[in-house]
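Working notes for the structure below.
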Amino acid sequence: MNVFKPSRLCLALALATVMSGCMVGPDYQRPSAPVSVAFKEAAGWKAANPQDELPKGPWWALYQDPQLNVLVAQVQLNNQNVAQYTAQYRQALALVRESRAELLPTVSATGASTRSETGTGSSSSGSAGGASNEHSATLSLSWEADIWGKLRRTVEEDRANAQASAADLANATLSAQSSLAQDYFQLRILDQRIALYQDTIKGYERYLQIIQNKYDEKIVSRADLSTGKTQLHSAQASMLDLQWQRAQYEHAIALLMGKAPADFSLAADAKWQYHVPQVPLGVPSRLLERRPDIAAAERAMAASNAAVGVATAAYYPDLTLSASGGYQGSTISNLFSLPNRFWSIGPSLTGTLLDFGKTKATVEQARAAYDASVATYRQTVLTGLGEVEDYLVELRTLEPELVARRTSAEAAEDSASVSRDQYEAGVIDYLDVATTQATSLSERQTLLSLVGTQLVTSVQLQAALGGSWDGANAGR
């Protein structure tokens with residue numbers, strides 16, 4: 001048997017649906033961003049060859065280092081900062097589902113059974129009190145008709161926030177991956193610098209023994225012996241300084257992979273070879289989709305725009321349609337019978353008549369928050385452009401600098417070899433030998449440091465360009 005009057009309910013729902021087409025507040029349009037036509041520092045930049053350099057997978061694969069591939073893969077699995085952003089993204093998705101559910105009716109059911117008693121004394125009406133039972137079963141439906149688009153703007157806001165959260169997750173992942181790659185390359189360069197010191201120290205030890213023998217034979221002065229010892233111990237101290245730096249980079253890599261430093265070690269690789277890839281540059285406007293931090297700022301701006309609509313909807317009344325029906329009686333045995341039936345249906349219109357400017361202030365706050373998000377978005381774009389330009393000019397300058405430094409290191413090594421021959425021939429003092437050897441060692445160490453700078457800058461440029469992430473269609 002029907003509890004509700006379906007014709008009336010359907011008519012009310014249809015009317016509310018027609019009225020729900022309106023949405024107050026501004027529709028979102030992405031504001032302009034200060035993007036140039038081309039990168040200023042890209043002049044003379046050798047673009048990557050699409051046949052052999054364009055990334056077909058993760059960006060770090062361009063460096064052709066199997067060990068790096070293994071380490072970076074652990075970041076997304078075990079890095080705790082990434083795990084935090086992953087949980088926040090799941091939370092944002094759940095909030096979207098919650099706000100979408102607000103668009104649909106709420107149906108609830110209630111069953112109750114009570115026993116009550118009134119006083120047994122006489123009353124003016126002559127009726128006597130006594131115990132009584134009351135049982136009820138009720139089914140209720142409530143639906144807020146989204147006439148002004150408040151609920152839809154809320155869904156729009158939450159969806160944009162979820163998309164921003166997805167971009168934040170991508171940005172945190174990219175940052176951790178980039179940091180690990182930079183630490184890894186710094187560690188490998190330190191391995192080579194330590195190996196250079198080890199070879200140099202062995203040479204100094206052999207030469208110091210020769211000087212000691214000559215000193216014992218009264219061929220050279222005590223000054224030569226002291227200079228040789230100073231040279232040896234100075235190199236040993238410098239090598240020890242690099243060793244603790246290497247240990248710290250190893251610890252940093254462990255933390256980025258979500259491991260305790262004591263549970264991770266990375267042995268030196270004497271056969272390690274580096275490869276600096278040609279980075280696919282593209283055009284500046286691609287940063288708007290390639291960089292997750294820019295995408296996050298843009299989605300936050302869209303969420304702020306929707307929040308203006310939510311705040312504006314407070315000027316207008318809320319329409320709620322509700323219906324309920326069921327059975328109510330004193331005995332359970334015949335509760336579900338026609339005489340015990342009841343139902344009710346009707347709209348409820350609620351609005352604020354006077355709030356002394358509270359709603360206006362809320363709207364103004366929402367508009368100001370949107371303006372702030374626009375400024376944040378544009379500044380994020382500018383920062384991204386600046387980072388790319390900085391890394392481009394640094395990499396471009398490093399190329400000729402490395403060529404000059406290699407030439408200088410070769411010349412310094414040749415000078416050191418000549419000075420050793422002259423010393424053995426008795427032409428010069430050992431101080432001159434020590435000076436040329438120190439210069440040669442310094443030049444070769446500087447060359448290795450410069451190679452490390454080139455690798456780190458290359459990774460930084462990869463991250464500045466957005467890595468492997470592409471947000472063109474992410475969550476849109």
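When you check residue 188 against the structure, is it surrounded by fewer than 22 Cβ atoms within 10 Å (Cβ to Cβ) and not polar (S, T, N, Q), yes or no?
Details: surrounded by fewer than 22 Cβ atoms within 10 Å (Cβ to Cβ): no; not polar (S, T, N, Q): yes.
No.
Which one of 393, 388, 374 is under 26 Å from residue 30 (Cβ atoms), modelled with pLDDT under 95, of a type in the set (Val, Ile, Thr) and within 36 Å of the chain's Cα centre (by Cα)? Full working, then the answer.
Numbers: 393 fails: under 26 Å from residue 30 (Cβ atoms); 374 fails: modelled with pLDDT under 95.
Of the residues listed, the single one that is under 26 Å from residue 30 (Cβ atoms), modelled with pLDDT under 95, of a type in the set (Val, Ile, Thr) and within 36 Å of the chain's Cα centre (by Cα) is 388.
Starting from the range 176-204, keep only residues that are more than 21 Å from residue 460 (Cβ to Cβ), then list their pairs with residues that are crowded, with 22+ Cβ neighbours inside 10 Å and hydroxyl-bearing (Ser, Thr, Tyr) whose Cβ atoms are within a distance under 6 Å, requiring at least 6 positions of separation or different chains.
Nothing qualifies.
So in the range 439-456, with the set limited to residues that are of a type in the set (Val, Ile, Thr) and more than 20 Å from the chain's Cα centre (by Cα), which one is surrounded by the most Cβ atoms within 10 Å (Cβ to Cβ)?
Filtering the range 439-456 for residues of a type in the set (Val, Ile, Thr) gives 439, 446, 451, 453, 456.
With the extra rule that they be more than 20 Å from the chain's Cα centre (by Cα), the set shrinks to 439, 446, 451, 453.
On the way: 439: 18, 446: 14, 451: 21, 453: 18.
Per the stated criteria, the residue is 451.
Which of the residues spanning the range 252-271 are free of Cβ contacts under 8 Å to residues at least 24 places away in the same chain and either exposed (fewer than 15 other Cβ atoms within 10 Å of the Cβ) or more than 16 Å from residue 78 (Cβ to Cβ) (or both)? So that I can check it myself, show each step before the final result.
First pass over the range 252-271, keeping only residues free of Cβ contacts under 8 Å to residues at least 24 places away in the same chain: 254-255, 260-265, 267, 271.
Once the filter is applied, which keeps residues that are free of Cβ contacts under 8 Å to residues at least 24 places away in the same chain and either exposed (fewer than 15 other Cβ atoms within 10 Å of the Cβ) or more than 16 Å from residue 78 (Cβ to Cβ) (or both), the range 252-271 yields 260, 261, 262, 263, 265, 267, 271.
Output yes when any residue across the range 440-457 is touching a residue at least 24 places away in the same chain (Cβ under 8 Å), under 30 Å from residue 300 (Cα atoms) and assigned to a helix (DSSP H, G or I), and no when none is.
Yes, that holds for at least one residue.
If you go through the range 12-22 one residue at a time, do you hit one that is under 29 Å from the mean Cα position of the chain (by Cα), modelled with pLDDT under 90 and surrounded by fewer than 11 Cβ atoms within 10 Å (Cβ to Cβ)?
Quick first cut of the range 12-22, residues under 29 Å from the mean Cα position of the chain (by Cα) only: none.
No.
Here is a check on your reading of the model: is residue 424 at pLDDT below 95, among the charged types (D, E, K, R), closer than 30 Å to residue 184 by Cβ and over 29 Å from the mean Cα position of the chain (by Cα)?
On the way: at pLDDT below 95: yes; among the charged types (D, E, K, R): yes; closer than 30 Å to residue 184 by Cβ: no; over 29 Å from the mean Cα position of the chain (by Cα): yes.
No: the conditions fail for residue 424.
Sort out which residues of the range 296-322 are surrounded by 21 or more Cβ atoms within 10 Å (Cβ to Cβ) and either of a type outside the set (A, V, I, L, M, F, W, C) or without any contact (Cβ under 8 Å) to a residue 24 or more places away in the chain (or both), and write them in order of number.
Matches in the range 296-322: 298, 299, 304, 305, 309, 312.
Return the residues of the range 388-406 that are touching a residue at least 40 places away in the same chain (Cβ under 8 Å) and either hydrophobic (A, V, I, L, M, F, W, C) or in contact with a Lys or Arg (Cβ under 9 Å, 6 or more places away or on another chain) (or both); say none if nothing qualifies.
Correct list: 388, 389, 392, 393, 395, 398, 402.
Of the residues in the range 273-291, how many are closer than 26 Å to residue 77 by Cβ and loosely packed, with under 13 Cβ neighbours inside 10 Å?
Residues that pass the stated criteria total 1.
So residue 385 fits all but one of (1) under 24 Å from residue 141 (Cα atoms); (2) surrounded by 12 or more Cβ atoms within 10 Å (Cβ to Cβ); (3) in contact with a Leu (Cβ under 9 Å, 6 or more places away or on another chain); what number is the exception?
(1) is the only condition that residue 385 fails.
Collect the residues in the range 235-244 that are surrounded by 15 or more Cβ atoms within 10 Å (Cβ to Cβ) and either more than 14 Å from residue 198 (Cβ to Cβ) or under 40 Å from the mean Cα position of the chain (by Cα) (or both), keeping them in residue-number order.
238, 239, 242 - these are the residues of the range 235-244 that are surrounded by 15 or more Cβ atoms within 10 Å (Cβ to Cβ) and either more than 14 Å from residue 198 (Cβ to Cβ) or under 40 Å from the mean Cα position of the chain (by Cα) (or both).
The values are calculated or read from the model by the stated rules, or taken from the named source; none is laboratory data. Not measured: the values here are computed from a predicted model. Virtual Cβ from ideal backbone geometry, glycine too; neighbours counted across all protein chains shown.
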